[in-house]
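Below you'll find the structure, written out as structure tokens, and then a few comments.
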Amino acid sequence: MYSALPAGILQRPIALTGFMGVGKSSVGRLLAAHLGLELFDVDSMIEERTGMSVAELFASRGEPQFRTLERETVAEVVANGRSVIALGGGAFVDPSTRELLIDKALVVHLHLPWSQMREVLDGLESDRPLLQGKTSEEVHDLYLQRLRAYRKAHLRVTVPRSSPEDGTGRVLMALERLRHAVEAPPAGGGPVS
Ligand code: S3P
């Protein structure tokens, strides 16, 4: 499972991706605290820098402009050394941001099955422009489309719906398994032929 992972992946910034509302920011905060790393929350950084909420940015400048700001912000934070990065749910879907993250970060997909996701989404609409005015079927289609991109993450961790603490614990376990797999000597003490 881990054979395709590049050397040195454990030294990279850890970038959390996944669908809107899955808990990237809250798991990111706990994970960063646990690992003693700085947290970069990309949406919050963009909001601080522009003085506008993500919803206002979408409305006044449009999604392409938001994606450009997102790409620039991600490029800046991945260059900052080891950290935890909470991405917005569309960042890893944008092809050039994804390419950058695959090359420079350890990307962890926080996954919530649709049966649980749909309950989380109630109440998120007001500040998620991509959910506004969409039927449940349309949001499900978006979820399925997004999964195609999220599958390209280096790791996938299924997180519980309402507990960022448990979600963080699961990410830490997945990172630990990855560390063992990367550091373990090949079976038989030599290269596997
Ligand atoms: C988006 C997700 C949002 C935010 C913007 C677009 C997306 O972040 O970046 O509304 O395209 O999925 P969250 O995933 O934190 O909700």
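The values are calculated or read from the model by the stated rules, or taken from the named source; none is laboratory data. Fair warning: this is a prediction, and the values are worked out from it, not measured in the lab. Positions of Cβ are generated from backbone atoms using ideal geometry, with glycine treated the same way; all protein chains shown enter the neighbour counts.
Details
- Among the candidates ARG49, ARG29, residue that is basic (Lys, Arg), more than 9 Å from the ligand (Cβ to nearest atom) and farther than 16 Å from LEU110 by Cβ: ARG49
- Residue check, GLY21 within 11 Å of the ligand (Cβ to nearest atom), under 21 Å from VAL139 (Cβ atoms) and at pLDDT 95 or above: no
- Enumeration of residues in region 123-139 that are of a type outside the set (Val, Ile, Thr), within 14 Å of the ligand (Cβ to nearest atom) and either in a helix (DSSP H, G or I) or on the phi < 0 side of the Ramachandran plot (or both): LEU124, GLU125, SER126, ASP127, ARG128, PRO129, LEU130, LEU131, GLN132, LYS134, GLU138
- Scanning region 1-28 for residues that are free of Cβ contacts under 8 Å to residues at least 60 places away in the same chain and surrounded by 17 or more Cβ atoms within 10 Å (Cβ to Cβ) yields a total of 1.
- Neighbours by Cβ (under 6 Å, 6+ apart or cross-chain): first from region 40-52, closer than 19 Å to MET20 by Cα; second of a type in the set (S, T, N, Q) and surrounded by fewer than 21 Cβ atoms within 10 Å (Cβ to Cβ): PHE40/SER83; ASP41/SER25; GLU47/SER53
- Matching residues, region 80-126, being hydrophobic (A, V, I, L, M, F, W, C) and surrounded by fewer than 16 Cβ atoms within 10 Å (Cβ to Cβ): TRP114, LEU124
- Top-ranked residue in region 53-62 [being touching a residue at least 24 places away in the same chain (Cβ under 8 Å), surrounded by fewer than 17 Cβ atoms within 10 Å (Cβ to Cβ) and part of a helix (DSSP H, G or I); ranked as farthest from the ligand (Cβ to nearest atom)]: ALA59
- Within region 1-47, the set of residues being of a type in the set (D, E, K, R) and farther than 24 Å from PRO160 by Cβ comprises ARG12, GLU38, GLU47.
- Restricting attention to region 92-111, the residues that are assigned to a helix (DSSP H, G or I), within 11 Å of the ligand (Cβ to nearest atom) and in contact with a strand residue (DSSP E or B) (Cβ under 7 Å, 6 or more places away or on another chain) total 1.
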